[in-house]
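Before any comments, here is the structure.
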Amino acid sequence: MNKRFLSTTLALTIGFSSFGLVQTAMQPIQVEAATTNAQNNAQAVAAKADQLIQTGKSLMGQSTYSNTVYKPTYPYKFSCASFLMYIFEKNGVDLGTYNENYMIQQGTYVARNQLQKGDLLFFKSKKTGTDPDHVGMYIGGNKMIHMADSKQNIVISDLNSKPYYTENYVSARRVLPTLLSANPATKGDKIVENALTYKNKATISSSTNESSLRFTAPAFVDFVYRKSGVTLGAKTLTDLMNQGSTVARANLKKGDLVFFNSVTGSKNPSIVGIYAGDHRIIIPNSDGVMTRVLLVDYYKEHYITAKRVFSNTPSVSAPSANTSADKIIATASSLTSKAKFGYTYNESALTFTSAGFTYYVFNKNGIDLKDKLASKQALVGTKVLKSQLQKGDLLFFSTNDGGANITQTGIYLGNNQYISMTTNNVVKQNLSSTWAQKNYVTARRVLK
């Protein structure tokens, strides 16, 4: 299949994906394909493969071949690759691409004598170029289902039935279970699942109205992560890019945030994507929420950085909500948009100084910080090195770019983030910000 689909849709993706933005050239790095996840059991993979096969068969006689038009409603029009993209997406597995040359880089390599249902099979009949020009899906019994051509449309073919299949076979890739969630699902899996849930529901625009599922691009990301138990509190693309810890492109994991510029070499983000595993990214833009692959040249050329903003551990039976630190963080986070700054301590009006805020939060969880002055709170508990911070630690800052006088407090959230009361009320900030680096003084641990 040629790339005429891609060039049209990508132009839309790039042209309007900067809603909510404020504004290094990268070295070309290949993202390693996801390895087979042992947590996915064979039964789940087999069941998903059977669903894919059933959907593919149901389209026989209802679809016609087209290399230039993609029509996902009756009467259907597909190319060989967009046919597979459609049946995978209909069964909750988003390949993120309708091009064979990108599909062949997903999943893991499979030898021809070890094929399983759901594997993708690639062929190349053209004598020029290196990319495959045909793809089908293995359905067992040495057969595949595929959108063959304009004469046959969707057919089931034996792999030994014609010289075309024996002489032009290139490779096979196993995308099940690499494109499925782990079992139990990780936090990253939950984020990707929630993002895809709203793929055809959310509207991306220049303003946010959560009740009607209308968001700016950063607000959509914030919404998805909040739904997945990760509070970001970011309002702009720059806010998002300042969160978490930097991740090398070759080490991306599900749920990482990936940032792109609109002008090559610029450090200002205009696009944010949620990494969905195996090269895929979920991008909110004015055309909606779209899935793409990082393999596209544009994303290679305009890549800025990636950030990890949470710990990607299994989300089931996680004890975090029961720890003292998480209770402290939950209390502090619940005061966002409720508590306000003031040179007083007023619990009924939720008005606090910076240290009054930390005093109130800890007191609500049965911990007495002894005083409502930042300099006095800095004497409670035990000193902690900045490199050894844990969730719930108290952070202390000056406010004069490097002074030792402690006047500001914060609560460490993990992932290099902290929450504090400022003159802009309760905000979450990054310890790597210029202000935090210049004004950080010390930290204390008051939780056992």
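The values are calculated or read from the model by the stated rules, or taken from the named source; none is laboratory data. Computed from a predicted model, the values in this text were never measured in an experiment. Note that each Cβ is placed from the backbone with ideal geometry, even for glycine, and that neighbours are counted across all protein chains shown. Each accessible area value is taken on the protein alone, full model and side chains, heavy atoms only, with ligands, DNA and RNA left out. Shrake-Rupley method; radii C 1.70, N 1.55, O 1.52, S 1.80 Å.
Observations on the model:
- Here the condition is being outside any loop (DSSP other than H, G, I, E, B), touching a strand residue (DSSP E or B) at 6+ places or on another chain (Cβ under 9 Å), open to solvent by 20 Å² or more (accessible area, probe 1.4 Å) and not polar (S, T, N, Q); of LEU240, LEU196, it holds for LEU196 alone.
- Residue ID - surrounded by the most Cβ atoms within 10 Å (Cβ to Cβ), chosen from residues in segment 157-193 that are at pLDDT 90 or above and under 13 Å from the mean Cα position of the chain (by Cα): ILE191
- Residue, farthest from ALA339 (Cα to Cα), within segment 358-406, restricted to residues that are in contact with a helix residue (DSSP H, G or I) (Cβ under 6 Å, 6 or more places away or on another chain) and assigned to a helix (DSSP H, G or I): GLN377
- Of residues in segment 206-226 being under 20 Å from VAL258 (Cα atoms) and not in a helix (DSSP H, G or I), the one least open to solvent (accessible area, probe 1.4 Å): PHE215
- For segment 243-254, taking the residues that are hydrophobic (A, V, I, L, M, F, W, C) and assigned to a loop (DSSP other than H, G, I, E, B), the one that is most open to solvent (accessible area, probe 1.4 Å) is identified as ALA248.
- Segment 373-405: number of residues that are over 20 Å from TRP435 (Cβ atoms) and open to solvent by 80 Å² or more (accessible area, probe 1.4 Å): 9
- Among residues of segment 114-153, those that are open to solvent by 10 Å² or more (accessible area, probe 1.4 Å) and in a strand (DSSP E or B), counted: 5
- Among the conditions (1) open to solvent by less than 70 Å² (accessible area, probe 1.4 Å); (2) within 13 Å of ILE139 (Cα to Cα), the only one that PRO72 does not satisfy is (2).
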